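Enquirer: The structure is given below, and queries will be raised subsequently.
The values are calculated or read from the model by the stated rules, or taken from the named source; none is laboratory data. This one's a predicted model, so the numbers in the text were calculated from it and none came from an experiment. All Cβ positions, glycine included, derive from the backbone under ideal geometry; neighbour counts span all protein chains shown. The area values use the complete protein model at the heavy-atom level, side chains included, leaving out ligands, DNA and RNA. Shrake-Rupley method; radii C 1.70, N 1.55, O 1.52, S 1.80 Å.
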Amino acid sequence: MIPAPVGHQCPECVAEARREYRQGPGRQIAVANLKATPVTKILLIAMAIGYLWELAVAGGPGALFGGPGAQDLIKAGALVQATGGTALHLVGGIVGGEWWRLLSSMFLHAGLIHLGLNAYVLWIFGVEIERQIGRLVMLAVFLVTGVFAGATSFAFAPRLTIGVGASGAIFGLVGAFIAYNYLRRQHVMAQARLRGALTMLLINLVIGFSIPGIDWRAHVGGLVAGLVAGFAVDPSRPDALRRTFATVGLIAVLVGAVALVAVRTTQIKANPSILFS
């Protein structure tokens, strides 16, 4: 027993009470808080954790501003066709079966500016599209269109390329945002949102095509996938029909990503030297 403001406490009893609270009301409160947290915020936190992971792989905060080097990004989970080998034989990477890089690369970034810009655009569009179509659906659109964007980058990159960033998935959200408002274009508010989104989209596409090092292929792939996903998950349909359309549409986008990766992988395995020319 230990002294307490009133009487004495039994350490074992206190520990048991705390354990029961964590397993009962405490767990319920934690689950309720998680359900109330916007998915956009969770994705932003995941991106921040991904950046910290990069720095850890790079060996410390020395690359805090500019981001880790190419090899450290590959170790952290960047999108890359192969991680080793020769012009006659490749190993690792997407070609080597590391498809998980299509997902992990979304949460890695090439420096603080890259991370900050993507986080800002995600916050602008993520909060609004999440409010319109729901938390879990928005998360599914983000992940599925991000995977398709990565597959597009992998399929059409002219040579060995390292890809990181959430911009492909964010372009997917922009595409879904455009689709959502296009379906409601008879309303003044939807028209205003469409003009704003299309203006931002045009500016970003011009920047993407003009500045070397920006993966415009992922941006275009994410946008196309987002338009498809946005029409598929539109919440104005009856519940049963909405679930069917959403499921079929998102699966179709994933199937498209698998097809792109499979075709390009076959080409690279047949002629690995195309990545070095």
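Enquirer: Before anything else, pin down the relative contact order of the range 184-267: Cα pairs under 8 Å, at least 6 apart, normalised by residue count, whole percent.
Expert: 16
Enquirer: If packing is taken as the average count of other Cβ atoms within 10 Å, what order do 163-174, 263-274, 126-137 fall into, highest mean first? Before the final figure, lay out each step's value.
Expert: Working: 163-174: 29.3, 263-274: 14.4, 126-137: 18.3.
For the peptides 163-174, 263-274, 126-137, the packing ranking is 163-174, 126-137, 263-274.
Enquirer: Follow-up question, since we're still on this one. Could you tell me how many cubic angstrom of Cα convex hull volume the chain has per residue? Write out the running numbers ahead of the final one.
Expert: Working: hull volume 54.3 nm³, N = 277.
Hull volume normalised by residue count: 196 Å³.
Enquirer: What does the charge count around GLY66 come to, taking other residues whose C-beta lies under 14 Å from its C-beta (Lys +1, Arg +1, Asp -1, Glu -1)? Walk me through the intermediate numbers first.
Expert: On the way: positive: none; negative: GLU54, ASP72.
Neighbourhood net charge equals -2.
Enquirer: Another question, if that's okay. I'd like the carbon and sulfur percentage of the solvent accessible area for the chain, probe radius 1.4 Å, heavy atoms only, ligands and nucleic acids excluded.
Expert: On the way: 10080 of 14590 Å².
Its accessible area is 69 percent carbon and sulfur atoms.
Enquirer: Principal axis lengths of the range 36-191 from Cα atoms, whole Å, largest first?
Expert: On the principal axes, the range 36-191 reaches 57, 35, 24 Å in Cα extent.
Enquirer: Please report Rg (one decimal) and Dmax (integer) in Å for the Cα set of the range 91-166.
Expert: When restricted to the Cα atoms of the range 91-166, Rg and Dmax are 13.9, 43 Å.
Enquirer: Right, next: Taking 0.36 nm per residue of sequence separation and subtracting the Cα-Cα distance, how much length would be gained by fully extending the chain between ALA252 and SER236, in nm to one decimal?
Expert: Once the chain is fully extended between ALA252 and SER236, it gains 3.7 nm.
Enquirer: If you don't mind, there's one more thing I want to ask. For a protection proxy built on the mean count of beta-carbon atoms within 10 angstrom, sort 206-214, 99-107, 42-50, 232-240 highest first, please.
Expert: Numbers: 206-214: 10.4, 99-107: 21.2, 42-50: 16.2, 232-240: 14.3.
The most tightly packed comes first, giving 99-107, 42-50, 232-240, 206-214.
Enquirer: Taking all pairs of different Cα atoms in the range 137-277, averaging 1/r and flipping that mean, what Kirkwood radius in angstroms comes out?
Expert: Values: mean 1/r = 0.0632 Å⁻¹.
Radius from the Kirkwood sum: 15.8 Å.
Enquirer: Hey, another quick one. Given points 7 Å out from each Cα along the Cα-Cβ axis, report the ASN271 to TRP123 separation in nanometres with one decimal.
Expert: 4.7
Enquirer: With a 1.4 Å probe and every protein chain left in place, tell me how much accessible area TRP53 has, in Å² to the nearest 10.
Expert: 130
Enquirer: At 222 nm, what helix-only mean residue ellipticity would the chain give, in deg cm²/dmol to the nearest 500, using -39500 (n - 2.57) for each DSSP H run of four or more? Walk me through the numbers on the way to the answer.
Expert: Numbers: 11 runs with 188 residues, N = 277.
It lands at -23000 deg cm²/dmol.
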